[in-house]
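The values are calculated or read from the model by the stated rules, or taken from the named source; none is laboratory data. Source: prediction; values computed, not measured. Heads up, the Cβs are rebuilt from the backbone with ideal geometry, glycines too, and the neighbour counts pull from every protein chain shown.
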Amino acid sequence: MAMIKRHWKTLKTAAWLGWQMESNWTQPFLFAVYSILKPIAATMILVLMYWVVINPGYGGQAENAIMFSFLYVGNAFYIFVGQMLFGIFRVIQGDREWYQTIRNVYIAPISYYVYVVARALTQLVIASIAVVITLLFGVFVLGVQISLAVTDIPLFLTILVIGLVGVSAMGVILGGISFLTAKHMHGMNESVAGIFYLFCGVLFPISMFPVWGQFISRAIPLTYWFEALRRVLAPETLQIPTSLTQIDTGLLMLILLSSTIVLVLVSYFVFKGADYLARRKGVIDMITSY
Amino acid sequence: MNIHLRLNLRAILGRAYPRVIGSLREPSWIFFEILLPVLAIAAYVFIYQALEAPPEFVGFVILGGAMTAFWLNVLWSMAAQLYWEKEIGNLQLYMMAPMSRMSLLGGMAVGGIFGSSIHASATVLIGVLLFKGPALVFPLMLIPIFLVTLIALYGMGMMFASLYLMWGREAWHMASLMEEPIYFVSGFYFPVKALGFWVALSASVIPITLGLDSMRQLLFPSVAAWGLFPVEIELGILVVLAIIFPIMARIALARMENLARRRGGLTLRWQ
C-alpha cells in the first residue's frame, strides 16, 4: 500500500512538473495555439494534397471521400504517436543534457520508471487536445465522414486506451535506449516515428506495399491500432482493401491487446536493462555537449 | 589585403570548417538526415499513388522532401544556432573575438549549405531511384534560381539568429513551430498556387516558397501553368529577398546584441 501511495505521489508530481516544463515558457493562449498549430498544419498538408489531386485545375481525379476519411482519421491519431515517442525520449535527454537535473531526480526515493511514464502523461494531454481539435475540424469544416455510434463508444475507448499504452511503452523503450546514447541521437526516435508513419497504414492502405513491406507493417502493433480505430470511427473505410480487412474485429482486438502486453513487458525490461548498463558505465548524468 | 577583410574571411572559413567536417564525421547524422526525409517522401508518394495522381506529383514530393534539408538547416542550425551557442557557453567567446558577427553567421551558412546539399542530393537520388517520377529536364535557369533561393533563405536564417538570441526556451519552440506550418504555406508537397493567390503571395516572403515554385515549373514543364508567377518574375523577387534579408540580418544583429547586453541576457543560460 505504501508503495502504491509513493508511486501515485510520483505520478502526480512528475506529471505536474512535465506540464510546467512544457507550458510555462509562454502565455497560456500562445501555448494553446502552439500546441494545435503544428498538428493542424501537418493535417492541412494532406488536405491540400487531396484537394489538388481532385481539383479539375490540377490533378483532375475523381473525388474519393472514403480515401480522404481513411487518411484523415489515421493522421489525426498519429499525433499521439509523434508527440509521445518524442516526448518520452526528451524527458531523459532533457533532464540529463539540458537542465542537468537527472542526478537529483535519479537519486530521489522514487521509481524512475514511474517518473518517466508520468512525464509522458503531459504529452498525452497535449496530444489529446490536438487530436480532438483535428477531428472536429475534419468533421465540421472538411466534411470528413466520421460516424461513431453510441454503442461503439466503449469499444472505441478500449481501443484508444490499449493503443496509447502501447505507444507509451514504445516511448519508454526509446527513452531507455537514450540512457546510453549521446544527445545528438534524436534522429533515432524521429526515425522510429517516421517508420510507423510509413508502415502502419496511417495514411494509405498497407496493401500498397510489396509483400516485404506488408510483412513489416503486420509486425508493428500500431498497424492493428489504426485499423481498429478506423473500423469504429469510419466504418465505410472498410471498403478500402487494406489486406487486414479479412481479419475479424474480435481477432484484431486480440492481436492488439496481446501485442501491447508484450510491448509493455519489453519496455519495462529494456528500460531497466538500459538503466543498469548506464549505471555500470557511469553515464546516467553524462553531458555530451554537442 | 585589408586586415579586417582577412580576419573576417578567416572567421567565415573557421566557422564553416566544423560544419563541413562535422557533417562528414558523424555517420549517424548522415544516416538519419537522409533517412528521415525519405520516410516522409515515401509516405506522401504513396498517398498520391493511392489517389491516382499524375506522375508529376511524385516529382513534387521528391523535390519538396529534398528541400526540407535546407529549411531544417536554416531553422535549427542558423536561426537557433546563437541560442545553442549561448547554452553551451561558446557565445561569449564569439562576442570577444575580433570579427564581425556577420562573418560568424556567414560561416555557419556556408558550412550549412555544404552539409544540406549532400543530404538533399542523396534524398533526390534515393527518391528518384525508388519512386521513378516523371522524366526530368534540367534547364540552366535552375542554377541561378537554386543559388539565389539559398542566399535569400540563409539570409533570412541570419536574421532569425539575432532574434533567437533574445529568447530562452521559446527559441526551441519557435523553431519547432516553423516546420509543418511552413511546409504547408510554402507548398513543399503541392503547387503553392493551390492555397489561393493571396495566401501564396504572403508566403512568398519565405524564399523557399518561390524557389520551390520556380524549380517545379522548370523541372516539370508540363505543369508550368500551376506556377504562381512566371519563373523570371519569381527570380526577380528572390533576388530582392537575397539582398534585403542579409541587410536586415545585420541591422537586427546589432540591435539584438545591444539589447541583450543591456538586459544582461547575452550569456544567460537555462532560461
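What the table below lists for this structure:
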| item | result |
| --- | --- |
| Unmet criterion (only one of (1) within 11 Å of chain B (Cβ to nearest Cβ); (2) more than 27 Å from the chain's Cα centre (by Cα); (3) at pLDDT below 90) for A:Ser35 | (2) |
| Matching residues, the stretch B:193-219, being in contact (Cβ under 8 Å) with a residue 60 or more places away in the chain and more than 18 Å from the chain's Cα centre (by Cα) | B:Leu218, B:Leu219 |
| Qualifying residue in the stretch A:57-70 (condition: surrounded by 20 or more Cβ atoms within 10 Å (Cβ to Cβ) and either among the acidic types (Asp, Glu) or under 12 Å from A:Leu142 (Cβ atoms) (or both)) | yes |
| Yes/no for A:Gly166 being touching a residue at least 60 places away in the same chain (Cβ under 8 Å), surrounded by 15 or more Cβ atoms within 10 Å (Cβ to Cβ) and in contact with a Pro (Cβ under 6 Å, 6 or more places away or on another chain) | yes |
| The stretch B:251-271 - residue that is under 26 Å from the mean Cα position of the chain (by Cα) and of a type outside the set (Val, Ile, Thr) and, of those, modelled with the lowest pLDDT | B:Leu266 |
| Among the candidates B:Leu150, B:Leu136, B:Leu125, residue that is surrounded by 19 or more Cβ atoms within 10 Å (Cβ to Cβ), under 18 Å from B:Leu219 (Cβ atoms) and more than 14 Å from chain A (Cβ to nearest Cβ) | B:Leu150 |
| Filtered residues of the stretch B:15-51 (kept if surrounded by fewer than 15 Cβ atoms within 10 Å (Cβ to Cβ) and more than 10 Å from chain A (Cβ to nearest Cβ)) | B:Tyr17, B:Ile21, B:Leu24, B:Arg25, B:Pro27 |
| Tally of residues being under 13 Å from A:Tyr78 (Cα atoms) and either among the small types (Gly, Ala, Ser) or touching a Lys or Arg at 6+ places or on another chain (Cβ under 7 Å) (or both) across the stretch A:169-220 | 3 |
| Meets criteria (without any contact (Cβ under 8 Å) to a residue 24 or more places away in the chain and either away from chain B (no Cβ under 14 Å) or not acidic (Asp, Glu) (or both)) for A:Ser217 | yes |
| Residue list for the stretch A:38-63, restricted to those being at the interface with chain B (Cβ under 9 Å from one of its Cβ atoms), part of a loop (DSSP other than H, G, I, E, B) and in contact with a helix residue (DSSP H, G or I) (Cβ under 6 Å, 6 or more places away or on another chain) | A:Tyr58, A:Gly59, A:Gln61 |
| Sole exception among (1) under 30 Å from B:Asn258 (Cα atoms); (2) of a type outside the set (Phe, Trp, Tyr); (3) buried (at least 18 other Cβ atoms within 10 Å of the Cβ) for B:Glu179, by number | (3) |
